[in-house]
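Engineer: Let me begin by handing over the structure; questions about it come next.
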Amino acid sequence: MLDERTTSVTPPTNLDFEKSLMFFHAYMYGPLQGKLRLYGARGIPAGSVAMSSDWEVFASMLVNDLGRKFGPGVDLVNHEVKSAKRGGSYEYQYHKHSGKEKLVRDVEVGHLFFDYTGDLREVDLRYLHGSELKQFFGTWLTDYPDPYPQRYRKNIPYGFVKKQGKLLMTLRDGEVVYPAVTSTAPAAKIIEGTGP
């Protein structure tokens, strides 16, 4: 039993765009744009645009929730992080010895779903609490294989997440376009040359 379980069924609202976007630009978006130019010049198709751990760090910074990588389980203390190319489904994989426990935990935590275009120029983030995904997790738990096969992988369709999920963020060309982000700095400090 985890003591840190403080997740709520409501989506996170205090998103840290400043810190998380520095990571996104420095380690995901910026390097990818350079690689895509080189791949294009050499006629080589791009592979995966970002590792799952990149999305986990980005999400961790965005919602201020640390990772729990002491073994298989939920990605962050209170959130599972999923990513898929726009239109693709979100894959869940369950391991032989901890899969059932993870399925039970998946119902209790929030789920952060990133969808993106192949060049990361468009990224959306949606939220669903695990209790809103019981139709998937409940069926998967009931159908949990015995004996266990080599892999037990399941998917949640993109269309379901897009329709049912709460949109938390939209990035276009690496900048937040939703929600509207306003600066907390005084106007005189923002406009160069007008400050004291």
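The values are calculated or read from the model by the stated rules, or taken from the named source; none is laboratory data. Note that the coordinates shown come from a computational prediction; the quantities given were computed from them, not determined experimentally. Glycine gets a Cβ as well: all are built from the backbone with ideal geometry, and neighbour counts include every protein chain shown. All accessible areas refer to the heavy atoms of the entire protein, side chains included, with ligands and DNA or RNA removed. Shrake-Rupley method; radii C 1.70, N 1.55, O 1.52, S 1.80 Å.
Engineer: Could you compute the net charge surrounding residue 128? Neighbours are other residues with a C-beta less than 12 Å from the C-beta of residue 128; K and R count +1, D and E count -1.
Structural biologist: +3
Engineer: While we're on this one: Run the quick spin-label model on residue 95 and residue 155: label points 7 Å from Cα toward the beta carbon, then report their separation in nm to one decimal.
Structural biologist: Going from the residue 95 label point to the residue 155 one covers 2.4 nm.
Engineer: Ok, one more. For the modelled label position 7 Å from the Cα of residue 64 along Cα-to-Cβ, which residues of the range 77-120 have backbone nitrogen atoms closer than 17 Å?
Structural biologist: Label zone hits: 77-79.
Engineer: Hey, another quick one. In bins 5 Å wide, starting from 0, what share of all Cα pairs of the range 7-85 does each bin hold, as a percent?
Structural biologist: 3, 14, 20, 21, 17, 11, 7, 5, 2, 0
Engineer: Based on the Cβ-Cβ distance from residue 26 to residue 85, what FRET efficiency comes out when R0 is 22 Å, to the nearest 0.05?
Structural biologist: FRET efficiency, residue 26 to residue 85: 0.50.
Engineer: Quick check: net charge around residue 158, other residues with Cβ under 12 Å of its Cβ, Lys/Arg +1 and Asp/Glu -1?
Structural biologist: Value of the local net charge: +3.
Engineer: Remind me, what semi-axes does the chain give for its equivalent ellipsoid, largest first in whole Å, using sqrt of 5 times each Cα gyration tensor eigenvalue?
Structural biologist: In descending order, the three semi-axes are 33, 22, 15 Å.
Engineer: Quick one: which of 35/162; 35/163; 134/154; 19/163 span more than 25 angstrom between C-alpha atoms?
Structural biologist: 35/162; 35/163; 19/163
Engineer: For the range 16-60, what % of the accessible area comes from carbon and sulfur atoms, probe 1.4 Å?
Structural biologist: 61 percent
Engineer: Can you give the local net charge around residue 91? Use residues other than it whose beta-carbon is closer than 9 angstrom to its beta-carbon, Lys and Arg +1, Asp and Glu -1.
Structural biologist: Around residue 91, the surrounding residues sum to +3.
Engineer: Right, something else. Starting from the residue with the highest accessible area, list 77, 109, 177 in decreasing order, probe 1.4 Å.
Structural biologist: 177, 77, 109
Engineer: While we're looking at this one, here's another question. Starting from the exponent 0.38 and prefactor 2.2 Å, build the expected Rg for the range 124-171 from its residue count and divide its actual Cα Rg by it.
Structural biologist: Computed over Cα atoms of the range 124-171, the ratio equals 1.42.
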